[in-house]
Amino acid sequence: MNTVYLNPRYLEKVPACPVCESVGRETVYAVTQGVNAVRCGCGVFYCDHCLTEEGLTAYWKDYLTDEHNADEEERALRRRMYLVDFDYISRFLPDKARVLDVGCADGLFLDLFAARGHVCRGVEFGQSAAREAAQKYPVWEGYFPELDIDPGYDLIIFRGVLQYLRKPRLFFQKAVSLLDAGGFVFITAQPNMHSFCHGLYQNLFKFHLTPCDCVGFSPQSLAGEFSRLGCFLVGERFFYEETPYAKPEKDIATVHEALRRKASGGVIEEVSPPFWGNMMTLIFRKQS
C-alpha cells in the first residue's frame, strides 16, 4: 500500500498536532524525503504529512483484500492474537454485553464475543470490509464521529485503529458518549511510541509513523486523553511472550545487534522484531 501513502498526489501537510492542535513540535526521524515523524509537547507523535481525502479513499477501498487478508500466514497469526486479546477483555465484561467494534474489518474479532453470547455491532470505514462484516452483524459504514449510533454499550473496541485517526479526540468523545456508565473502552494491538524499539529503530520500527499510520500514542498520552472524558485506567498490558509473534532468543539477538551497530556509529538496516513493550493494551472505564 506504499504506492498510496507515499504518493505525493495523495499527501497534504499537517500544520499542527492532530490531538492538541499545538504548532510546536520536534522532528524525531525522516519517514521519506520531505516527510518527517515529529513529537508534540503533549506527548503525541505524528507524521507531518497525511493522506488527503482522496488518498484515504484509495487506501481503504480494497484494504481488506490487498492488505488485511493478503497474507494467509499473517492472518492466521492475527487470529491467534485475537484469542489473547479476547481472553483479557472478557474478564471485565458482564453477561450479554453490548459490544461495538470500531474498525471491525471483516468481523473476525467480533466472532469471539458473539460466541460467548455478547450482542455485537461494528463500525467500518472500508467499503469491502464493511460489506464482509455486515453479513454477520449490524455494521455502520463511514466516519465514526459522524455516524448516528444509539448509545448504551458496555464495551467499545479500538483494535489497531488509533494510528490512522486525523482527529482522535472526536473518536474518543464519540466512544465515551456511546458508553453506559461503568462501560469500557478497549484499546489493543496499538503501537507504543514510548517503547524501547521505537526509540532505537525509529523509521525502521515495524509500526513507525507514515502519512497513513499518522498518529502515535503512549500509555501516558492516552490516559490523559481519557481522563479528560471521565474515564480511568483499569487495565494495562504489553503482550509479547503470550503472542504468536514472539521468538525471545532470536528477538533479543536482533535487538542486541542493532544496539551494537548504533553504539559503534553504524547504521541499523533491519526492521525491528517483535519485542517487549512494542504494543500496548489499555482498558479505560467510564465513571458511574
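All of the numbers you see were taken from the coordinates with simple rules; none came from a lab. The shown structure was predicted, so the numbers you read here are calculated from the model rather than taken from an experiment. Please note: Cβ atoms are built from the backbone with ideal geometry, for glycine as well, and neighbour counts cover all protein chains shown.
Provide Ile157, Ile89, Ile268 in ascending order of the number of other Cβ atoms located within 10 Å of each residue's Cβ, fewest first.
Numbers: Ile157 26, Ile89 21, Ile268 17.
Taking fewest neighbouring Cβ atoms as first place, the list is Ile268, Ile89, Ile157.
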Self-check item: Prolate/oblate/rounded call for segment 237-278, Cα gyration tensor, a/c under 1.5 rounded
Solution: prolate
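What Kirkwood radius, in Å to one decimal, follows from the Cα pairs of segment 88-166? Spell out each step's value before the answer.
Working: mean 1/r = 0.0788 Å⁻¹.
The answer is 12.7 Å.
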Quiz prompt | Cα-projected label distance for Glu249 with Arg237, points at 7 Å along beta-carbon direction, nm | solution = 2.6
Quiz item: Non-local amide H neighbours of Asp101 (under 5 Å, H modeled in plane, Pro and chain starts lacking H): which ones?
Solution: Arg121, Gly122, Val123, Ile157
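Contour minus end-to-end for Glu26 and Leu170, with contour as 0.36 nm per residue of separation and end-to-end as the Cα-Cα distance? Kindly include the intermediate steps, with their values, before the conclusion.
Values: separation 144, 0.36 × 144 = 51.84 nm, distance 2.45 nm.
Contour length minus the Cα-Cα distance gives 49.4 nm.
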Quiz item: Using alpha carbon centroids, what distance separates segment 97-173 and segment 186-231, in Å?
Solution: 20
Exercise. Can you tell me the alpha carbon radius of gyration of segment 134-288 divided by the globular rule-of-thumb value 2.2 N^0.38 Å?
Key: 1.20
Quiz item: Nearest 10 degrees, 0 to 90: what angle lies between the long axis of helix 168-178 and the longest principal axis of the chain (Cα atoms)?
Solution: 20
Practice problem: Taking the chain as the reference, fit the longest principal axis to its C-alpha atoms, fit the long axis of helix 72-90 to the helix C-alpha atoms, and give the angle between the two in degrees, 0 to 90, nearest 10. | Solution: 60
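When the dipole is taken about the Cα centre of the chain, and only Lys, Arg (+1) and Asp, Glu (-1) are charged at their Cβ, what size is it in debye, to the nearest 20? Don't jump to the answer; show the numbers that get you there.
Values: 31 positive and 37 negative charges, 135 e Å.
The dipole of the chain has a size of about 640 debye.
If R₀ is 22 angstrom, what is the calculated FRET efficiency for the pair Lys262 and Arg75, using the beta carbon separation as r and rounding to 0.05?
Working: r = 34 Å, r/R0 = 1.53.
Efficiency for this residue pair is about 0.05.
Among DSSP bridges having both ends in the chain, what percentage is antiparallel? Round to the nearest 5.
On the way: 26 of 45 bridges.
If we restrict to bridges inside the chain, about 60 percent are antiparallel.
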Quiz item: Between Lys206 and Glu146, what length comes free when the chain is fully extended (0.36 nm per residue of separation minus the Cα-Cα distance, one decimal in nm)?
Solution: 18.5 nm
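Using the Kirkwood radius built from alpha carbon pairs, what does the Stokes-Einstein equation give as D for segment 2-286 at 25 °C and 0.890 mPa s, in µm² per second? Let's see the in-between values first.
Details: Rh = 19.6 Å.
The calculation lands on 125 µm²/s.
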